[in-house]
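Derivation of every value follows stated rules applied to the coordinates shown; laboratory data play no part. Bear in mind that the values here come from a model prediction, so they are computed numbers and not experimental data. Counting neighbours? That spans all protein chains shown, and the Cβs are built from the backbone with ideal geometry, glycine included.
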Amino acid sequence: MPTLNRSDAQQRADDIGVFNRELTRLETEQVVQLSEAQRSHLHSHQQALLAQYRAAFDIDHNSQARQLSLGMRIASFLGALALAASVFFLFYQFWGLFGEVAQVAILLGASLLSFGLTLAVQRHDSSGYFSKLAALVAFACFVLNIGMLGQIFNITPSDKALLPWAAYALLLAYACEARLLLAAGILCLLAFIAARVGTWGGTYWLGFGERPENFLPAALLIFAVPLLIPQRRFDGFAMTYRVFGLLALFLPMLVLANWGDGSYLDYPASRIEASYQLLGFLVAAAVIWLGVRRDWSDVVNTGLTFFVIFLYTKLFDWWWESMPKYLFFLVLGLSAVLILLILRHLRSANGLLGRTAQ
């Protein structure tokens, strides 16, 4: 059996339900008729698969279970944030009552204890809700550990703290399959790489955000991670890498398309803005093509979103002041219709290619 993740198992379970409903319709319409032996064998096989998936991945076996799972995810997320905030304020409430040695011991003990608790919960929690909650608390403890140890020993703040934060977030994310922690690790990596690039460009590391181009190398690196390191076993991880990589690519380009003075390039601001506007259109179109080619709906949606944003900001620059407002919004509406027609044509062409391939 090929390696499955929770998403694959849930999709297979959903397919079984759809298959059974369609089979019932076909039998009612007398298109197909299974014998009792065939029906019994099919039912036994399906139930064995569903039992295996429920034991391994705690999948939702019906729509009611799916709704409850959504509520559990929301409760787990809110509970993790509340517990992390509780740990943060607990430290600061009583911090001055302890000596230096006790402070260091408490910080190290909190990080080790929370990490051990996360691993213990993860071994016994097939659903993953409680282990993800514990993992976020462990990450909060570790961030406090690094920050407060720096204060105790009067260490100058540095971007190097972002690296262990990223490593620890990614470790917990892969151990507990927690996409929220994966996102935290990616953000730490983006900030660290951007700060390094800014430092190489002669900027103090805290000012790395003043030059949006600092994020572009990090964006390409993050986007390439699932291409270089397969994420098949981890549900949604590849999508998270791609989306955050594209956000880190498009947002700086969007800023520079409207604020040329933030660029490293030694050209007039108007020329830099025009160049990034054109580059934004080209890259967004290329991303949409790549997403359609690879069947990455997240990439298509992200590329399309930024293509529309670049288009609308350009139309705003051109015509907001010179055109009557009703006419301006009419142009926006017509451009949306044009985009819909183009996307419908692409969808039809993609469907035709799929039928040809079959």
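Extension gain, A336 to D261: 0.36 nm times the residue separation minus the Cα-Cα distance gives 23.9 nm.
Cα convex hull, the chain: 214 Å³ per residue, rounded to a whole number. By the beta-carbon count within 10 Å of each Cβ, the least crowded to most crowded order of E273, E29, fewest first, is E29, E273. Under a model in which nothing but the beta-carbon of Lys, Arg (+1) and Asp, Glu (-1) is charged, region 174-331 shows a dipole of about 420 debye around its Cα centre. By other beta-carbon atoms within 10 Å, ranking I309, I229, I155, I222 with the fewest at the front produces I229, I155, I309, I222. Residues K160, K325, K314, K132, arranged from fewest to most other Cβ atoms within 10 angstrom of their Cβ, appear as K325, K160, K314, K132. Cross-link partners for K325 among the lysines, with Cα-Cα distance under 27 Å and sequence neighbours closer than 8 places in the same chain left out: K314. When each of the peptides 256-268, 275-287, 240-252 is scored by how many other beta carbons lie within 10 Å of its residues on average, the order from highest to lowest is 240-252, 275-287, 256-268. Per residue, the chain reaches -27500 deg cm²/dmol at 222 nm when only DSSP H runs of four or more residues are counted, each adding -39500 (n - 2.57). Computed over region 148-202, relative contact order equals 34 percent, with contacts defined as Cα pairs under 8 Å that lie 6+ residues apart.
About its Cα centre, the dipole of the chain is roughly 460 debye, where the only charges are +1 on Lys and Arg Cβ and -1 on Asp and Glu Cβ.
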